[in-house]
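Novice: This is the structure I want to talk about, given as C-alpha cells.
The values are calculated or read from the model by the stated rules, or taken from the named source; none is laboratory data. For clarity, every value in this text was computed on a predicted model and none was experimentally measured. As a convention, Cβ positions derive from the backbone with ideal geometry for all residues, glycine included, and neighbour counts pool all protein chains shown. Accessible surface is based on the protein model in full, side chains and every heavy atom, while ligands, DNA and RNA are left aside. Shrake-Rupley method; radii C 1.70, N 1.55, O 1.52, S 1.80 Å.
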Amino acid sequence: MKAPAIAIEHASPHAGQVVTIRGWLYNLRESGKLLFPIFRDGTGVLQGVVSLKEQPQAFEALKGLTQESSVIVTGKIQTEPRAPGGCEMHIHAVEVVQKVPESSPYPIQLKEHGVDFLLDQRHLWIRTPRQAAILRIRAEAIRAARNFMDAQGYTLTDAPIFTPAACEGTTTLFEVNYIDDQKAYLTQSGQLYVEATAAALGKVYTFGPTFRAEKSKTRRHLTEFWMLEPEAAFAHLADMMDLGEGLVSAIVEGVVKNRARELQTLGRDISKLEKIAAPFPRITYDDAVKVLQGAGNPAKWGDDFGGDEETLISKEFDKPVIIHRYPSAMKAFYMATDPEWPELSLSFDMIAPEGFGEIIGGGERQSDYETLVRRIRESNLPEEAFQWYLDLRRYGSAPHAGFGLGLERTVAWICGTEHIREVIPFPRMLYRVYP
Ligand code: 4AD
Ligand code: MG
C-alpha cells in the first residue's frame, strides 16, 4: 500500500503510521552512522532520523545531500516531545527530486546574513520558517479583514490602479506614460473611487495595492503597499472610528485564533495581542499635543506628528489609540471641516501600540460642492481631472465617511517585526524593485 502524502503541519496525528512528505532539505546533521535531517514543506518543519544499518538506501540518498534539495520522503511518524511539532520521522525511503549542485550551494546559510543580502535574495529568503510564518499571518489578516467587512454589509468594489489625478498630494505621485503619451498616475488611494461606489451601493470597500513615491527611508514606508478602504454613505466620523476599531480587533482576533503557531515561531508576545479588543482609547489632536508636551516632546499646536511623536503617544496605551480632529491645514483637500471648530477637520488616525505607527487614516468627506472646489484650487490640483469627483457633490451629495487601513503596518505590528519590508512577499522601497 502506498503511504499517504501529508502536510508537515498535520504530521503529529499520524504517529505510528507510515506517511510521505514532499518538500526540501532544510538542514542535515551527520553523526557517524546516523543522519538527522530536517525537512520543510512550507507548512512546517519535520525532524527525521535514519541509520545506515537499518535503511542503507535512504541513508546513502541523504548523506551529503545539499541544503534546499527537493525530496520526497517516506517514513514512520513517531511522537517526540523534544522535536519541533512534537514528532519526528523514522525514514524508510528518500527520493531526491533535484539535488542542489555542490558547486553552487544555496546562498542563504543557516546563520545571520545582512539585510541587503537577504533582500536581494528575497525570492529564496521567503523559504525560511520565520518569513513563511509572516506571510501566513498576512494572509490570515486579509481573510479576517475581508470577512469582517463582508459581515458588516460592505460590498467589495475594486478601485482602478491607473488614475488621472492625485488623491494624497502631488509630491508622492508615480507618473506613468499611458497610451499615446497621455499622462496617468499609479493610484495613491482608492478613496475617491469608493466615494463614487458608496453613492451607488451604500456601504463599500476596496482592497488593493496603492503606490507612493516616498522618498523616505524608514521602517514604516514602502512605495507599494496594500490598503483596505471602506466608505459609507450617510456616515460620519464617529461611525468610522467605530468601524476601524472593530476591523482592527477582528484582524488581531483572527490571527491570534488561527495563526498562534506562526506567532510563536516569531516569538511574538501573544498576551499583548489578546488585549486588543474594542473600544480603543480616543483622544483629540488637541489632547495629543498636550500628551506630547507632557512627555517632554517639543510639539506645538499645528505641527504634524512624525514617527517619533506617534511612538511617544502609543507608549501611553496598550491598545491602538485613535487621534481625531486634526487641523485641516495638515490634512488632504477632501476632509470635511468640524462645524464646532472650523480650523479642524473631521479626520482621525489610528496609531498602533508598541511604536508601529499610523495604521489607519480617514474621516468624514467634504460634501459641499463650493467648499470642495475651493479646496481643490487651494491645493493646486488640476480641476478638470476632478470633474467626475465633483459630480458626486452635484448629484445627490450626502455626508459620507471612510478610511484606509495600511495592511503592512498592521501586519508588522501584529508580527512584531522591526521593518515592514518583511511583511509583503516582494517589498518595493526607495531604490529597490528587485527581485
Ligand atoms: O493616511 P493615508 O495616506 O490615507 C489615505 O490614503 C486615505 N485616502 C485613505 C482613505 O480615507 N480611504 O494612508 C492610509 C494608511 C496609513 O494609515 C498607513 O497605514 C498606510 O496607509 N500607508 C503606508 N503604508 C506603507 N507605506 C507607505 N508609504 C504608506 N503610506 C500610507
Ligand atoms: Mg495618514
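Novice: Pull up region 343-366, narrow it to residues that are modelled with pLDDT of 95 or more and open to solvent by 40 Å² or more (accessible area, probe 1.4 Å), then point me to the one that is nearest to ligand 1 (Cβ to nearest atom).
Specialist: Glu358
Novice: Go through region 225-241 and give me each residue that's farther than 15 Å from His419 by Cβ and assigned to a strand (DSSP E or B).
Specialist: Trp226, Met227, Leu228, Glu229, Pro230, Glu231, Ala232, Ala233
Novice: Looking at Arg409, is it assigned by TED's automatic domain parsing to the domain that holds Lys257, open to solvent by less than 10 Å² (accessible area, probe 1.4 Å) and either under 30 Å from Lys272 (Cβ atoms) or in contact (Cβ under 8 Å) with a residue 60 or more places away in the chain (or both)?
Specialist: Working: assigned by TED's automatic domain parsing to the domain that holds Lys257: yes; open to solvent by less than 10 Å² (accessible area, probe 1.4 Å): no; either under 30 Å from Lys272 (Cβ atoms) or in contact (Cβ under 8 Å) with a residue 60 or more places away in the chain (or both): yes.
No; evaluated as a whole, the condition is false for this residue.
Novice: May I ask you to list the residues in region 210-223 that are in contact with a Lys or Arg (Cβ under 9 Å, 6 or more places away or on another chain) and surrounded by fewer than 17 Cβ atoms within 10 Å (Cβ to Cβ)?
Specialist: Passing the criteria: only Arg219.
Novice: Take Ser328 and tell me if it is within 16 Å of ligand 2 (Cβ to nearest atom) and out of contact with any helix residue (DSSP H, G or I) (no Cβ under 8 Å at 6 or more places or on another chain).
Specialist: yes
Novice: Inside region 258-303, can you point out the residues that are part of a helix (DSSP H, G or I) and of a type in the set (Gly, Ala, Ser)?
Specialist: Ala260, Ser271, Ala288, Gly294 - these are the residues of region 258-303 that are part of a helix (DSSP H, G or I) and of a type in the set (Gly, Ala, Ser).
Novice: Here is a further query. Please specify each residue of region 271-303 satisfying the condition of being within 30 Å of Gln131 (Cα to Cα) and open to solvent by 40 Å² or more (accessible area, probe 1.4 Å).
Specialist: Ser271, Lys272, Glu274, Lys275, Ala277, Ala278, listed by residue number.
Novice: Let me ask something additional. Do you know which residues across region 149-175 are open to solvent by 40 Å² or more (accessible area, probe 1.4 Å) and either outside any loop (DSSP other than H, G, I, E, B) or within 13 Å of ligand 1 (Cβ to nearest atom) (or both)?
Specialist: Answer for region 149-175, where residues must be open to solvent by 40 Å² or more (accessible area, probe 1.4 Å) and either outside any loop (DSSP other than H, G, I, E, B) or within 13 Å of ligand 1 (Cβ to nearest atom) (or both): Asp150, Ala151, Thr155, Leu156, Phe162, Glu168, Thr170, Thr171, Phe174, Glu175.
Here is a yes/no grid of residues against (1) surrounded by 13 or more Cβ atoms within 10 Å (Cβ to Cβ); (2) in contact (Cβ under 8 Å) with a residue 24 or more places away in the chain; (3) basic (Lys, Arg); (4) in contact with a strand residue (DSSP E or B) (Cβ under 7 Å, 6 or more places away or on another chain):
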{"site": "Asn380", "(1), (2), (3), (4)": "no, yes, no, no"}
{"site": "Leu390", "(1), (2), (3), (4)": "yes, no, no, no"}
{"site": "Arg393", "(1), (2), (3), (4)": "yes, yes, yes, no"}
{"site": "Gly396", "(1), (2), (3), (4)": "no, yes, no, no"}
{"site": "Ile414", "(1), (2), (3), (4)": "yes, yes, no, no"}
{"site": "Phe426", "(1), (2), (3), (4)": "yes, yes, no, no"}
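Novice: Still on this model: Do you know which of the residues in region 224-237 that are open to solvent by 10 Å² or more (accessible area, probe 1.4 Å) and away from ligand 2 (no atom under 16 Å from the Cβ) is farthest from Pro425 (Cα to Cα)?
Specialist: The extreme case among them is Phe234.
Novice: In this structure, does Met240 turn out to be away from ligand 2 (no atom under 16 Å from the Cβ), crowded, with 21+ Cβ neighbours inside 10 Å and more than 26 Å from Arg377 (Cβ to Cβ)?
Specialist: The answer is no for Met240.
Novice: If Asp349 passes every condition in (1) closer than 19 Å to His419 by Cα; (2) charged (D, E, K, R); (3) within 14 Å of ligand 2 (Cβ to nearest atom) but one, which one does it miss?
Specialist: All conditions are met except number (1).
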